[in-house]
Amino acid sequence: MGRLGLGKHFVGLAAQLDGVFGVDGVFAHDRLRFVDFVDDVEDLLEKVAWQEGRDKKAADGFEEYMLQHYRG
């Protein structure tokens, strides 16, 4: 995010995603369903795009892509 000039948003995003991954870096399915996590991340990306004065459609497709490629 820093390389994209969006580093100032990282702290807030990281705080909102805290607890989603275990200490081993594995997604914690017992805490949150993956589909809900992906939806939340897309919402966060839309918010960042809006704050940066960009069209929130820049985040469109994220949820669909993630579910197609990473859903177990």
message = Which aspartates and glutamates, if any, have their Cα less than 18 Å from the Cα of LYS57, not counting same-chain residues under 8 positions apart?
response = ASP39, ASP40, GLU42, ASP43, GLU46
ask   = Label PHE21 and TRP50 with points 7 Å out from Cα along Cα→Cβ: what is the distance between them in nm?
value = 2.6 nm
ask   = What is the local net charge at LEU32, summed over the other residues whose Cβ is closer than 12 Å to its Cβ (Lys, Arg +1; Asp, Glu -1)?
value = -3
key: Order by protection proxy (mean Cβ within 10 Å, highest first), peptides 24-34, 48-58   = 48-58, 24-34
request  = Write down Rg/Rh for the range 6-70, rounded to two decimals, with Rg from the C-alpha atoms and Rh from the Kirkwood relation over Cα pairs.
outcome  = 0.99
remark   = So, relative contact order of the range 6-70 in percent, Cα under 8 Å, 6 or more apart, is 23 percent
Amide H contacts of PHE21 (H built 1.01 Å from N, under 5 Å, at least 5 apart or other chain) = ALA28
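Where a number appears in this text, it was derived from the coordinates with a stated rule and is not lab data. Because the structure is a prediction, the values reported are computed rather than measured. Glycine also receives a Cβ, built like all others from the backbone with ideal geometry; neighbour counts cover every protein chain displayed.
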